[in-house]
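Take a look at the structure below.
What follows draws every value from the coordinates through simple rules; no lab data is involved. Source: prediction; values computed, not measured. Positions of Cβ are generated from backbone atoms using ideal geometry, with glycine treated the same way; all protein chains shown enter the neighbour counts.
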Amino acid sequence: MVVKLVEISEELGAGSLRKYVLREVFVNPEHVICLRPDESARRRLLENKLPSELDRRQEFTRIQMSSGQGGFNITVVGTPSVVEEKLRHSRKVLRG
């Protein structure tokens, strides 16, 4: 089972400028290694660099994912406790 979250994704815009967009991402909870607050995303929000539809009170979580021999990080909307609850709920449904 996978969990749908909202990711903040970085894209290159015109003139190699960084542009951030929101997009849905589906995460397999079995591949999550670590959750931690993403303060750099919070800073970008307060600097008005993230999409304007985000509330300025919003917080973000960096998820460390395993991927075969390595891993990668994604940043999603929500606090670590909110993201953890979503991931835990999907596991209960899957194993319940």
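Quick notes
- The relative contact order of the chain, computed from alpha carbon pairs under 8 Å that lie at least 6 residues apart in sequence, is 30 percent.
- Taking a Cβ cut-off of under 12 Å around Glu39, the surrounding Lys, Arg, Asp and Glu residues balance to a net charge of +3, with basic ones at +1 and acidic ones at -1.
- 3J(HN,Hα) from dihedral phi, the range 65-78, Karplus parametrisation 6.51/-1.76/1.60, rounded to Hz, x for glycine, proline: 10, 8, 8, x, 7, x, x, 7, 10, 10, 10, 10, 7, x
- Cross-link partners of Lys86 among aspartates and glutamates (Cα-Cα below 16 Å; sequence separation of 8 or more within a chain): Glu7, Glu24, Glu30, Glu59
- Hydrodynamic radius of the chain per Kirkwood, over alpha carbon pairs, in Å: 14.2
- Cα centroid separation, the range 34-96 to the range 18-32 (Å): 8
- Loop-resident trypsin sites (Lys or Arg not before Pro) (DSSP state other than H, G, I, E or B) in the range 1-86 with no more than 13 further Cβ atoms inside 10 Å of their Cβ: Lys49, Arg56, Arg57.
- Once exposed loop GluC sites (Glu not before Pro) are cut out (DSSP; at most 10 other Cβ, 10 Å), longest piece of the chain: 1-46
- Taking only the alpha carbons of the range 42-94, we obtain Rg and Dmax values of 13.8, 40 Å in that order.
- Springs between Cα atoms under 10 Å define the GNM used for the chain, and in it the highest mean-square fluctuation of Leu12, Leu45, Leu22 occurs at Leu12.
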